[in-house]
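The values are calculated or read from the model by the stated rules, or taken from the named source; none is laboratory data. Note that this is a predicted model, so its numbers are computed, not measured. Positions of Cβ are backbone-derived with ideal geometry, glycine not excepted, and every protein chain shown enters the neighbour counts. Quick note on the areas: whole protein, heavy atoms, side chains included, nothing else; ligands and nucleic acids left out. Shrake-Rupley method; radii C 1.70, N 1.55, O 1.52, S 1.80 Å.
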Amino acid sequence: MDTDGADGHIYKRQKLSNGHAAPQRKIGTSRLFAPYRTIGLVSPTTVPFTAVPLGKTTFQITTSVGRSLQTYDLRRGLNLVFITRPQTPGPITASIAWKDKLFAAWCDGGGHASGVWVFKRGKRETELEVPRGWRQQVSALCCFGGWIIGVCETTLLVWKATTYELYTTLQGVSPVSYTKCVAALPTFLNKIVVGKEDGIAEIWNVSSGKLVYTILPPATTYGAVTALAPTPALSLVAIAYEKGPLLIQDVHADQTVLQLNAPAGAPITSISFRSDGLGAGEDGQKAGVMATASTSSGDVTLWDLNEGGRKAGVLRSAHADPTPDSQGGVSKVEFLPGQHTLVSSGLDNSLKTWVFDQTIFSPIPRILHQRCGHGAPITTLEFLPSASDGSDDVGKWLMSASRDRSLWAWSLRRDGQSTEISQGAVQSKAKKQGLLSGSNRDSLQDLKCPPITAMACSLNRDGGIGALPGRHPIWQNAKGKNVDAEVSSMTGWESVVTAHEDDNKARTWFWGRKRAGRWAFPTSDESPVTSVGVSPCGTFAVIGSKSGGIDMFNLQSGMHRQRFPARLSPQQAKQLKLDMLKHGLEEERSKDGKKIFYRGQGKHASAVVGLEIDSLNKTVVSAGTDGRVKIWDFTTGLLQRELDWSTYTSIKAMRFHRPSNLAAFACTDGCVRVVDIATQRLIRELWPTRPLLPELTPSTYAISDFAFSPSGNWLAASLGPLIVLWDLPTGHLVDAFKLKAACTSLAFSPTSEFLAIATADSVGMDVWTNKALFMHVSTRHIPADELVSILAADYAQAPTASGEGGRDLVATSTDEADEEAEDVLLDMLDAEASVDQLSSDLLSLSLVPKSRWQNLMHLDLIRVRNKPVEPPKKPEKAPFFLPSLQDGQVAAVGQQNAQATTVTAVELQKERSRMLKLTQEGGRSTFARLLQEAADTQSHGPLLEHLKNLSPAAADMELRSISVEGDEMVIFIQALTWLMRERRDFELGQAWMAVFLRLHGELVGNVPELTVAIEHWRDALDEEKRRVAKLSTYCNGVVGYLRAARV
């Protein structure tokens, strides 16, 4: 420890890691959460996949997920086997697999740096040499023979495949840019063909660095070269153009062998040839199959190149088509060498394999394996709650909904378990209705449910995979249907309810069966559903409408059970009419003018944005954009209480924490208000800062989503790219960090381990881990100036697909402000360490181990328990045949005897001195001497300190040896009375008094002095008891006030 000589203040040494200062937390990063990993990414970029055979048994397929590569094994059903680490400094622009290596070209967003990294089994091995100061982006890679080719904007980079050194750079005379199309020509030594933006295909000799030949397009209107691929027939290459047909060109003769017309508006961007010699002809026994695809369409076209070429078939909707809300199209198709398997990847974030194995020959393959994810940014996240029996209480399942009209279930433990919740046979329905043709693609999306805007779940009635066995129609209206509830009562029913964009029906889903449910619950006012809720028992679902209506349905039977407010009977409606005429009540008409809703009955005047049911099925809580929070009776549907905030704000969303009965409401003024439903009072108003900073106005940083932690201690909210977290007991803002893009949704896992976040620029979900579970994290309040610096920070933190963001999580120290605050607290504690008592108003305990005073009170029982059962036995004699040690010890015996004689003389002298001292002191012990000194000086501290240091047996002996003569007992009781009035060592004083009364209790009533001393001790004890009870009552009152009052 370093000490300042001027003021004596002690400073802590700086923490070091391997001899260097530990890294400090950057501004804009989180204090409580660390990046864990990103899930849901399969093939979200335009970088095509690459495949390579692994021996003779399987293939490995590698896709790009931004700054990492993911490798899947085909034989294992596209199981994820490798993720490259570390991630590249910039987004990956091209990749290629060659033997056991992976080459990944990257370029940062500003074009300031680029490079090509080499990976093996997911680990970076080396980096290809690039020219000094190189800035061009490598858009395509090609490996053949002993060469590696990189295609840049106007230049070709050539490396040696053995040493990875840069061999040469190739640049043509024309300034026209190259496209991403490059291919090696089999049997043409060191030759490649590269496409350009003006439709020219150049053939280069990479060894000599010369341009060998230029293939010109038949017409200048064909546009850029969009795809290149060599055919299994030698000297032939297929070339596709942006605005022209597909040509199969003879390179030797520079003649067009075959011309195939591509669909208008969908230029071919990928070409592949089947190489197993099958698939063409009427029976599929001929060679000559070609597959083409386009990024403008989700179809894969299969061609029979025999007899002039023809279109053999079209694999309709192999991937999603591009829509205004999501990307689509096929980025690449490839026949695996020598196999009857086709691999395709799409911009809809999917990777699929297709197999040609149907018994009756069909040119259209069937799906073999697929790995998919969301094709559009995610809008809603929800962790699967735990059931009442504790099942699924591991926080591993995460549900997500997106603009691509899909609902997914993600496993945080094993990616292979993730699956999309089925919406029925959508492809079969589309095929029967003829919606797979190019002109009716918009109607194909209508077969799926509209985008999900809200979801609710309860697993207490979920029957798992065996719920309601058999086939059932999906999303039906139960009105007028005779539903047999016997089977569902034994096996369970739906457990998930969702609301959809501009749709007046809420839909149900089976979680265990991972498929759509039976019911579609319509709103009674026929307006779109805006919010949903499920009772904790899993039997009832409540839905709120855009017009303010609330309806409750039974999930087992699908029947309508209640309206909020309750429906009026004819007699009640007549009486209400009379009351209106008599008292002049106001009325409110709906927009269509047909239905009349009366004020005073409690119906929301605008959209219901939040619905929840309490844990006992007694109360329904609703929130509307009209700024009102309403509390309804679950059984009768009558309004019990209303909180009206309409004069100063409106409500955007609601979240409910059932264990604590707390409801949080996000308001348009930028505040999150927390209400205790039990007392029906507002208990917290959570603001990012007070007053609200100009940088945090609701118009720029509006609350998009928020969530309670499972314990109810924290509440996290997203304000655009800013994530803030409040501590509910104190109301302080304890964490704030910045994301790379605006947050659209967030959710806590049931175990508090993870925080899942969805952003507007990604189709994946970012998972953060809670550092507070395994290390100490400072939770001091974040002031306004620090929040401003976080908003202005350039650094933004985010998890990665490889999970390397939180690698050095524990090693990273907290920021200096946190350490200084903790150091001040530690210095204060160190300063008080030598003080016996922090305050004279506190009743404190001692630092003596608990075993000492507890064993002292029960020492007699311990002695009885430890009494030996039988006397010790004499050790047996050693056998006669063992060698004796006496012969070797004869010489040492004399020396030991001499030493023993000396030691004995010294010990004898010490014993004589001790006995002489006891004789001079009258034979009294230290305890008796301290008792006499306490009587003379009235200082009881040394006596009690000596008694605290004695063992239980020694303390018991001293207490037994106290004599009634000489007032020793009175002095001891006075010392205990002094200890009680000093409010110190409470449990020790009680233990000593209990032992004293057990040993000498019969003398207390016979000696008047002892009786008076005991009465004084009792008075001191009663006085302290009343004082502590008064303080406890005061604290209970303060806690009750803070819980019930508005703070």
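Close amide H partners of Ser43, meaning residues 5 or more places away or on another chain with modelled amide H under 5 Å apart, are Asn349, Ser350.
At a Förster radius of 41 Å, what calculated FRET efficiency corresponds to the Cβ-Cβ distance of Glu1023 and Glu786, to the nearest 0.05? The pair Glu1023/Glu786 has a calculated efficiency of 0.25.
Of the accessible area of the range 926-1046, computed with a 1.4 Å probe over protein heavy atoms only, carbon and sulfur atoms account for 56 percent. Quick check: the distance between the Cα centres of the range 769-789 and the range 623-697, to the nearest angstrom? If we compute the Cα centre of each part, the gap is 26 Å.
Within the range 461-542, the trypsin sites (Lys or Arg not before Pro) that combine a DSSP coil assignment with at most 16 other C-beta atoms in a 10 angstrom radius are Arg471, Lys479, Lys481, Lys514.
FRET efficiency for the Asp73 to Ser963 pair, using the beta carbon distance and R₀ = 60 Å, is estimated at 0.10.
Amide H of Trp519: which non-local residues (sequence gap of 5 or more, or other chain) have their own amide H closer than 5 Å, using H built in the peptide plane? When sequence neighbours closer than 5 places are left aside, the close amide H contacts are Trp475, Gln476, Thr508. Phi angles across the range 262-270 convert, under the Karplus curve 6.51 cos²θ - 1.76 cosθ + 1.60 with θ = phi - 60°, into 3J(HN,Hα) values of 8, x, 5, x, 9, x, 6, 10, 8 Hz, Gly and Pro given as x. Label sites at Leu54 and Arg471, each approximated as a point 7 angstrom past Cα along Cα to Cβ, lie 3.8 nm apart. Which links in Lys505/Lys603; Lys120/Lys180; Lys180/Lys429; Lys431/Lys514 stretch past 29 Å when you go from one Cα to the other? Violating the 29 Å limit, Cα to Cα: Lys180/Lys429. Working ranking of peptides 540-552, 417-429, 317-329 by packing, defined as the average number of other Cβ atoms within 10 Å per residue, highest first, is 540-552, 317-329, 417-429. The percentage of C-alpha pairs in the range 926-1046 whose separation is greater than 26 Å is 29%.
Phi-derived couplings, Karplus 6.51 cos²θ - 1.76 cosθ + 1.60 at θ = phi - 60°, listed residue by residue for the range 455-465: 8, 9, 8, 8, 9, 5, 10, 6, x, x, 6 Hz, with x used for Gly and Pro.
Full extension of the chain between Leu234 and Asn713 yields a length gain of 165.4 nm, computed as 0.36 nm times the residue separation minus the alpha carbon distance.
For the range 926-1046, the solvent-accessible area of protein heavy atoms averages 54 Å² per residue (probe radius 1.4 Å; ligands and nucleic acids excluded). When peptides 57-69, 678-690 are sorted by average Cβ neighbour count within 10 Å, with the highest value leading, the order is 57-69, 678-690.
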